[in-house]
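Chemist: Submitted below is the structure of interest, expressed as structure tokens.
The values are calculated or read from the model by the stated rules, or taken from the named source; none is laboratory data. In this text, all values refer to a predicted model and were calculated from it rather than measured experimentally. Here the Cβ positions follow ideal geometry from the backbone for every residue, glycine too, while neighbour counts run over all protein chains shown. We work out accessible area using only protein heavy atoms, side chains counted, and drop any ligands, DNA or RNA first. Shrake-Rupley method; radii C 1.70, N 1.55, O 1.52, S 1.80 Å.
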Amino acid sequence: MDIRQLRYFVKVVELKNITTAAEALFIAQPSLSQHMANLESELGVTLLERSVHGTRATAIGELLYRHAKTILRQFEDTRSAIRQESESPSGRVAIGFPTSTSRILAAPLLARLQERYPLIELELVEASSGDLTGQVAADRLALAVTMDARADSRLRIEPILEEELFVVVASSQRAPRAFGIEAFARLPLLLPTHPNSVRVATERLLRDRQLKFRLVAETSAVEILILAVERGLGATVLPTAAFALAQQHGRVRGVPIKGRPLLRELSLSLSVPAAHSPAVQCVRELLLQVIDEEIASKRWKGVRRFSDAG
């Protein structure tokens with residue numbers, strides 16, 4: 001085995017398709033297939049199961065995948081550490097954001113990273129918080145912003161801030177300065193699809209107060225929610241990061257619920273193997289700086305940094 005073979009194998013497992021992996025690696029598909037056959041021959045085991053539906057790792061293949069990820073990370077860390085004395089940190093860092101949070105953090109982070117650490121290549125992944133947590137735990141992502149994270153031995157979790165969720169209504173719609181919970185429950189609601197943290201928090205609030213509500217539709221696409229609200233089809237619940245631009249353009253507006261009963265906790269979840277990488281630490285530090293700047297500039301409203309408590 002060599003580093004190149006392990007890198008090729010990891011890419012095949014993650015993309016679940018030889019042809020797609022070959023394109024991502026910029027090599028010919030027959031060459032990649034031969035590399036995988038050589039690896040299986042050398043180890044004397046079947047690592048991949050091939051079918052019309054794609055390519056999946058066998059149980060032994062999954063074991064090699066986990067070890068290969070650690071080896072590749074250590075290889076990159078070693079190379080970065082050697083260069084660090086005389087050069088800027090380098091390497092590829094995969095970071096995940098929930099859809100709403102990506103709208104306010106992803107672009108500023110990328111701009112800051114290009115300015116400060118041009119040798120770090122950033123991979124930005126957008127998914128639900130639950131999916132992101134699983135990807136970090138599996139070491140497919142180095143770090144991610146996650147919601148209401150739970151302790152996990154595979155993760156290093158750093159609570160960042162508390163975020164308020166707002167009722168989002170059309171700008172043309174008459175609405176109070178703040179909704180009482182009962183009035184909120186009477187609205188026709190368009191909500192994110194389970195297991196979204198906004199959906200969970202909203203249903204928990206109404207269930208705890210034994211209030212029924214009318215669900216008009218559900219979708220995992222934030223822009224569809226905002227478009228439907230803008231057209232007067234109902235109201236939704238979102239953090240300001242998700243609808244700030246639409247509000248700025250006069251399409252919708254956010255209305256708080258009295259007493260700030262809808263809150264969620266944002267954390268930074270880091271993969272334990274990746275946490276010590278110099279490049280990952282640089283991305284982590286810049287992300288926290290971007291978060292502080294977005295809050296200080298009041299572009300990100302309804303949030304409180306835990307370091308500001310007391």
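Chemist: What residue, of L109, L113, L132, L105, is closer than 25 Å to V303 by Cα, open to solvent by less than 50 Å² (accessible area, probe 1.4 Å), in a helix (DSSP H, G or I) and in contact with a Gly (Cβ under 6 Å, 6 or more places away or on another chain)?
Modeler: Unique residue meeting the criteria: L132.
Chemist: Give just the number: which of (1) in contact with a strand residue (DSSP E or B) (Cβ under 9 Å, 6 or more places away or on another chain); (2) in contact (Cβ under 8 Å) with a residue 12 or more places away in the chain; (3) not hydroxyl-bearing (S, T, Y) does E42 not satisfy?
Modeler: (1) is the only condition that E42 fails.
Chemist: Picking from P261, P273, which residue would you name as being in contact (Cβ under 8 Å) with a residue 12 or more places away in the chain and within 19 Å of L189 (Cα to Cα)?
Modeler: P261
Chemist: What residue, of L227, L190, L165, is assigned to a helix (DSSP H, G or I) and of a type in the set (A, V, I, L, M)?
Modeler: Every option except L227 fails the conditions.
Chemist: Sticking with this one: Taking region 201-220, which residues are open to solvent by 20 Å² or more (accessible area, probe 1.4 Å) and either β-branched (V, I, T) or without any contact (Cβ under 8 Å) to a residue 24 or more places away in the chain (or both)?
Modeler: Correct list: E203, R204, R207, D208, Q210, V216, T219.
Chemist: I'd like the full set of residues that are surrounded by fewer than 15 Cβ atoms within 10 Å (Cβ to Cβ) and not hydrophobic (A, V, I, L, M, F, W, C), limited to region 117-129.
Modeler: Within region 117-129, P118, E121, E123 meet the criteria.
Chemist: Going by what's in this entry, would R253 be described as assigned to a strand (DSSP E or B), open to solvent by 10 Å² or more (accessible area, probe 1.4 Å) and in the same structural domain as G180 (by the TED database)?
Modeler: Yes.
Chemist: When you check G54 against the structure, is it within 16 Å of C282 (Cα to Cα) and open to solvent by less than 20 Å² (accessible area, probe 1.4 Å), yes or no?
Modeler: no
Chemist: Please state which one of V198, V237, V280 is out of contact with any Asp or Glu (no Cβ under 7 Å at 6 or more places or on another chain), outside any strand (DSSP E or B), open to solvent by less than 10 Å² (accessible area, probe 1.4 Å) and not assigned by the TED database to the domain that holds T99.
Modeler: Result: V198 is the single residue among V198, V237, V280 that is out of contact with any Asp or Glu (no Cβ under 7 Å at 6 or more places or on another chain), outside any strand (DSSP E or B), open to solvent by less than 10 Å² (accessible area, probe 1.4 Å) and not assigned by the TED database to the domain that holds T99.
Chemist: Give me the pairs: first residue in region 10-30 and open to solvent by 40 Å² or more (accessible area, probe 1.4 Å), second residue part of a helix (DSSP H, G or I) and among the hydroxyl-bearing types (S, T, Y), beta-carbon distance under 7 Å, and six or more apart or on different chains, which are they?
Modeler: Matching pairs, first to second residue: Q29/T19.
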